[in-house]
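The values are calculated or read from the model by the stated rules, or taken from the named source; none is laboratory data. All figures in this text were calculated on a predicted structure; none of them were measured in a lab. Here Cβ is always computed from backbone atoms with ideal geometry, including for glycine, and neighbour counts include all displayed protein chains. Each accessible area value is taken on the protein alone, full model and side chains, heavy atoms only, with ligands, DNA and RNA left out. Shrake-Rupley method; radii C 1.70, N 1.55, O 1.52, S 1.80 Å.
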Amino acid sequence: MDTLGVAFNEPKRSQEKEKKEKEKNGMDEIDGLGQLTDYRRLCSDLTLQTKKEGFFKDYLSAIVEQVSDEEFEGFTKQQTDRDRVVYCWTLPALHKTMKSFQPSYRGKSADESIKRREQGNEAFREKDYRKALYETQDNEGIVLLEGSLLERTTLALALANRSAVLVHLKEFALAIRDIQLSLQSNYPEKQRYKLYDRMGYCHQQLGETAKARLAYTIALDCLEESDLEPAALDNWRQTVEKSRAKLPSNNPSNNSNNNNSNHSTANANTNALPELVSGANSNIPNASKSLAMEVDDNSGRYYVAADDIKPGQTLVCEKPYAACLLPGKFTSHCHHCFVRLIAPLGCLTCRGVFYCSVECRDEAASTYHQYECGIIDYMIASGSSILSWIALRILTKGKMEDFLEAREELEKDGDGGRLLASARNPDSYSGIYHLATLSHLRSDKDFFDRTFMALFLFQCLRASGYLQTRFRYEEDSLNITEDEIYFASLLLRHLQLLQFNAHEIHEFVQLNEKNMRSTKTVYIGVGIYPTVAFFNHSCRPDVARYFLGTTMVITSTRCVKRGQMVAENYGPIFTHKHLTDRQQSLQGRYWFNCQCLACQNDWPIYDGMTDMETILTCCPLCRGTVQSVNDSYARCLKCKKQSLWEAIRRPVEEITTLYQTAMRLMDLGQVDKAIRVLGVYIEMMETLVADVPVRELLLAQEALRLCLGTYGTKYCATTHLTMKAVTNNTRK
Ligand SMILES: [Zn+2]
Ligand SMILES: [Zn+2]
Ligand SMILES: [Zn+2]
Ligand SMILES: [Zn+2]
């Protein structure tokens, strides 16, 4: 199947829901086409709506109730996305229903914020800095209602308070950022000396002598503006002067070393992106030269090894074309780069999203968030799936004019070469547009529901102000322009292709900093990755994924010989799920029959798997089965020669030692070394056992995946500052 490069485990919630529904309908075994269709329907529905409580479900059923059989029959005759959009838009049921649904918005008053700040001050006096951080940080989300001076001052005070907390937590760079923001937000003139003194201290702690000196000097100037009593003023002046005098003499080289340390993205994950093995591929810039793309009628486009691939090599490193954070993570992760928040900066308007830095906030505010800001609460309330969010984001992150300009080119009948465009030029919309939609396999009912979701998203887009006035009819929401129809059709197309081409984004969570094995991957968002989209699926994948923020890194976990297919995994892995379950979930969600080695041979899951000793205990000469002669010797049943038990057992002992070494290195936290040893182990084992599933080998690949995961964005519950804030957070 073309471009079916997807790995998308349904969120746990949905899997459970899926299971419950299955039980209810008695669909544990698929034995009839009807049931399979039902199951496929269920999986497809989940790509539209994930939350039970959202209003979209009611909205859709209200529409469906009013649609007559003839009207639905008419819908099934529509051949293109454009025709479907136009047909559904003209149904009276849509407009009647539209009127009965009103958006709801969360609100937060300035009073609440003042109360929160007072609680923060109290915790601060009691020296509970972590609690204080939590209490103060929520204030940053405050609204600037009509630019009211009182509101701005409240915000400035909240930021100033938080900067004091951050100093105590030794987060100096973040403290400086909060001080700067506070000074920009109408912090009272008479007290500015305090902030500049604090800023001087932070720069001093960061070794930035020149900046510290400047801040102390400004603090002294500001003291002149203060309303302190003469004695207190004198006291302050002496203190600041003393701090300034204590600074080491100016040393420019020393300063330049620390040039970046007060950068306000100090919060962000600073892990560098890994190098691709043997360099970047000139045809596929985000992939390594070790990968090549192949095409055939059965498998569509997929990757093969252009070179022998060894375990632990970086094959792809790719930023998403578009990515959306799960709404449930809005208060714990940066809305833009997905890192955990320490001292979040809220969107000043919607109060619903938070950023790790000024850079992330400005980048989002100047692109997609300027449109999404006003509709975000409505989207959350609708219970739209995360894929619906991305369908919209693909538009809001770009410029409306660019989509209009590209229209003619996009709508030309696609030739095969166009598909390649997405991997060749991962930043181009054309590649996304031409990813597989499988529209020829989609049922009428699926199309029907999807078209209404597209129209719902279109109405959100219209409300967001994304479509400029001359492209829409403001005076009458029933009218729709040709350009608006085009955007609604694009949304419908996105909803189809995202079902097969989106990837989950994970965060690597270590429950205990000392124990590498106490880890799990947590689902935090979804992205679309144009290069990764071309990987085929195997229930025994050759690669693993980890994330640096939203950037996906694909590394090999097996040896792949030159010319062989390199496959990733879309969800079900053979070691954990039986054949029928795997086939069912791949059919349901991705609409194909898996033909991988594990499926063809119905390999057992971990529990029923052969262990290494059984397989490797064989004749050292011909690998035939051996039979014990006595304590020292065994005879080969094939070549009839006798061998020493010692010689027969040696390979098992040697390779077991290697495995134990790798485990010890992992326990010591020596990840790089552990990865190298595991690589050697996997290579040796694969040579010895070939394509037979062996428990120890698969466990080693699992361990390798775990080690590689530590290179990605990590979150350690016992050391992260916001742990308290996250667990205490009662915001909905
Ligand atoms: Zn960020
Ligand atoms: Zn906003
Ligand atoms: Zn399979
Ligand atoms: Zn033999």
**Item:** Charged-residue dipole, Cβ positions (Lys, Arg, Asp, Glu), segment 610-714 about Cα centre, Debye nearest 20
**Value:** 240 debye
**Complete:** So for R0 = 30 Å, FRET eff. of K520-E646 from the Cβ-Cβ r, to 0.05, ends up at 0.10
**Fill in**
For segment 580-702, the charge dipole (Cβ of Lys, Arg +1; Cβ of Asp, Glu -1; about the Cα centre) points to a positive end, and the Cα of V671, P620, A598 closest to that extreme belongs to P620
**Message:** Test of understanding: express the Cα radius of gyration of segment 429-538 as a ratio to 2.2 N^0.38 Å, with N the residue count.
**Reply:** 1.47
**Message:** Under the 0.36 nm per residue contour assumption, what length would be gained going from the current alpha-carbon distance of D672 and Q468 to full extension?
**Reply:** 68.2 nm
**Message:** Which one, H369, L404, A391, is farthest towards the positive end of the dipole of segment 359-408 when Lys and Arg carry +1 and Asp and Glu -1 on their Cβ?
**Reply:** A391
**Asked** So for Y216, Y371, what's the accessible-area order with a 1.4 Å probe, most first?
**Response** Y371, Y216
**Message:** Run the numbers for Y633 and V689: contour at 0.36 nm per residue of separation, minus the present Cα-Cα distance, in nm.
**Reply:** 17.8 nm
**Message:** I'd like to know which of M684, N630, V652 lies farthest towards the positive end of the charge dipole of segment 610-714, counting +1 on Cβ of Lys and Arg and -1 on Cβ of Asp and Glu.
**Reply:** N630
**Asked** How do 573-582, 391-400, 540-549 rank on mean C-beta neighbours within 10 Å, highest first?
**Response** 540-549, 391-400, 573-582
**Prompt:** Tell me, what ³J(HN,Hα) does each residue in segment 588-600 have, in order and in whole Hz, if you take phi through Karplus 6.51 cos²θ - 1.76 cosθ + 1.60 with θ = phi - 60° and put x for Gly and Pro?
**Reply:** x, 8, 10, 6, 9, 8, 6, 10, 5, 4, 5, 6, 4
**Request:** Mind checking the full-extension length gain between Q79 and Q595? Use 0.36 nm per residue of separation minus the Cα-Cα distance, one decimal, nm.
**Result:** 182.6 nm
**Complete:** Rounded to 0.05, the calculated FRET efficiency for the beta carbons of L441 and Q564 at R₀ = 35 Å is 0.80
**Prompt:** For S443, S282, S366, S243, what's the largest-to-smallest order of accessible area, 1.4 Å probe?
**Reply:** S282, S366, S443, S243
**Request:** Using R₀ = 35 Å, calculate the FRET efficiency as 1/(1 + (r/R₀)^6) where r is the Cβ-Cβ separation of T367 and K99; round to 0.05.
**Result:** 0.65
**Request:** Heads up, I need the accessible area for L478: 1.4 angstrom probe, whole protein in place, Å², nearest 10.
**Result:** 80 Å²
**Prompt:** What is the list of residues in segment 151-192 whose amide nitrogen lies under 18 Å from a point 7 angstrom out from the Cα of A210, following Cα to Cβ?
**Reply:** none
